[in-house]
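Encoded as C-alpha cells, the structure appears first; notes follow it.
The values are calculated or read from the model by the stated rules, or taken from the named source; none is laboratory data. Note that the coordinates shown come from a computational prediction; the quantities given were computed from them, not determined experimentally. Glycine gets a Cβ as well: all are built from the backbone with ideal geometry, and neighbour counts include every protein chain shown.
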Amino acid sequence: MKIIFAGTPDFAAAHLQGLIDADYDIVAAYTQPDRPAGRGKKLSASAVKNLALKHNIPVEQPLNFKDDVTLKTLSSYEADVMIVVAYGIILPKKVLTTPKLGCLNVHGSILPKWRGAAPIQRSLWAGDKETGITIMQMDEGLDTGDILSIETIGISDSDTSATLYHKLAKLGPEILVSTIDKLTSIVPIKQDDTLATYAKKLSKEEAELDWNQRAEQIDRNIRAFNPWPIAWFASEGRNIKVWHAEVVDDDGEPGTVLDYSKLGLTIACRNSSIRITRLQLPNKKPQLVGDLFNGNAALFTPGDKLR
C-alpha cells in the first residue's frame, strides 16, 4: 500500500514514525511551510519534515491545494491512501478523492464528541473521565466522517494537556497501524451528529482564572491550559501564571488569599479553594511556591483580594 502522510507537529510525527516502523511505503510527506520561530525568528522546519528527511521521504509543503500544479503533484504519487494527522491545512474535495481509498484522519477524541481544533484540552476542561483516538474516513465536514476505529483511555485527576497529549501520541500510532492493516475489511460507522460537541481553540483571555467558578472547574482549567496558554491571574498589575494547583477544603470570599506559606498560595473560590503550588512571575521561570515564599514572604498577604 502506497501512503501519503500529511501532518505538522510532534503529535503527527509520532504517527509517521509508527508507519515507518511498520515498514509501510510512505511515498511522500506533506507538511506546513517552514515558519519563523524563536527569538531570532529563523525559519524552522516542522517535526514531520525533519523526520521525513531523516528517512529520505519526499517532502511537499504547499500553502494550500487551490492550484492545479499542487493537485497534479499530489496525484503523481499514485497513493492508495492519505493519512492526515494534525496537518493544519483544510483539504478540499479534490484532495479527499485523489488517493484510491481516500483520506483517513487521526483525531484525539472519541468522536463525535469534541470535533475541532482542541479536543485534548477540551476533554480536560469539561471534566471528562475518558478520551481516546478515533480513525475516520475524511469528508468535507469538520471531523464528521465515518468512523473506522476507536480506542479509549482514562483521564486521571492529575492529567494535564501535556501528559494527555503524550498518552494519545503513544496510543494513536498503534491504532493507526492496526486500522490500515485491516482497512479494506472495515465496515465504516456513521457519526451521530446529535451527540457532537465542538472543541474550539484556546485563547490567552480564556485562560484568566475566575475565582467565582467552582474550585474543581478552576483546577481543570489549570490542567487544560498547560502547556499553553497557561492559566493566569492578575495581582497588583502583574499577570501571574499558574502551572500546578490542587483543590482544598478551605472556604472564603471568592478571590481572597487565605494562606501564603511553604505549602502554597491558597485562594478562595465559589466553593472550597485552590492551593497553587507552582507559579510563574512575569519575566521569571516557573517555580515552586514554597521556594518563592522563602525568598519573598511578603509577596501575598492573607486577606488580600484578587479580582
Check: For the subset of the range 273-299 comprising residues that are under 29 Å from the mean Cα position of the chain (by Cα), in contact (Cβ under 8 Å) with a residue 12 or more places away in the chain and in a loop (DSSP other than H, G, I, E, B), which member is surrounded by the fewest Cβ atoms within 10 Å (Cβ to Cβ)?
Finding: Pro282
Margin query: Give me the residue from the range 149-161 that is among the β-branched types (Val, Ile, Thr) and closer than 22 Å to Met136 by Cβ and, out of that set, surrounded by the most Cβ atoms within 10 Å (Cβ to Cβ).
Written below: Ile155
Check: Quick check: is even one residue across the range 28-45 under 20 Å from Leu171 (Cα atoms) and touching a strand residue (DSSP E or B) at 6+ places or on another chain (Cβ under 9 Å)?
Finding: no
Checklist line | Selected residue (criterion: nearest to Ala117 (Cα to Cα)) from residues of the range 162-212 that are among the β-branched types (Val, Ile, Thr) and exposed (fewer than 12 other Cβ atoms within 10 Å of the Cβ) | finding: Thr194
Note to self: Based on this model, can you work out whether Gln17 counts as of a type in the set (S, T, N, Q), under 25 Å from the mean Cα position of the chain (by Cα) and either in a loop (DSSP other than H, G, I, E, B) or not assigned by TED's automatic domain parsing to the domain that holds Thr179 (or both)?
What the structure shows: no
Margin query: So, in the range 70-91, exactly how many residues are crowded, with 18+ Cβ neighbours inside 10 Å, touching a Ser or Thr at 6+ places or on another chain (Cβ under 8 Å) and either without any contact (Cβ under 8 Å) to a residue 24 or more places away in the chain or within 17 Å of Asp10 (Cβ to Cβ) (or both)?
Written below: 2
Item checked: Pairs with Cβ under 6 Å, 6+ apart, first in the range 237-257 and within 15 Å of Arg307 (Cβ to Cβ) and assigned by TED's automatic domain parsing to the domain that holds Asn226, second polar (S, T, N, Q) and not in a strand (DSSP E or B) -> Pro254/Asn212
Margin query: Within the range 124-152, take every residue that is among the acidic types (Asp, Glu) and part of a strand (DSSP E or B) and give me the one that is nearest to Ala86 (Cα to Cα).
Written below: Glu151
Item checked: Positions within the range 212-239 being β-branched (Val, Ile, Thr) and part of a helix (DSSP H, G or I), in sequence order -> Ile218, Ile222
Item checked: Filter pass, Glu216 being closer than 14 Å to Trp125 by Cα, at pLDDT 95 or above and of a type outside the set (S, T, N, Q) -> yes
Check: For the range 59-114, what are the residues that are touching a Pro at 6+ places or on another chain (Cβ under 6 Å), in a loop (DSSP other than H, G, I, E, B) and either outside the structural domain of Thr8 (by TED's automatic domain parsing) or of a type in the set (A, V, I, L, M) (or both)?
Finding: Ala79, Ala86
Note to self: Quick check on the range 112-128. Is at least one of its residues under 20 Å from Leu63 (Cα atoms), surrounded by fewer than 24 Cβ atoms within 10 Å (Cβ to Cβ) and touching a helix residue (DSSP H, G or I) at 6+ places or on another chain (Cβ under 6 Å)?
What the structure shows: no
Next item on the list: Please work out which one of (1) assigned to a strand (DSSP E or B); (2) in contact with a Leu (Cβ under 6 Å, 6 or more places away or on another chain) is the condition Trp243 fails and give its number.
Entry: (2)
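This table checks each residue for (1) under 25 Å from Cys269 (Cβ atoms); (2) assigned by TED's automatic domain parsing to the domain that holds Met82; (3) in contact (Cβ under 8 Å) with a residue 60 or more places away in the chain; (4) aliphatic (A, V, I, L, M).
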residue	(1), (2), (3), (4)
Lys129	yes, yes, no, no
Gln137	no, yes, no, no
Gly145	no, yes, no, no
Thr160	yes, yes, yes, no
Pro188	no, yes, no, no
Lys204	yes, no, no, no
Glu208	yes, no, no, no
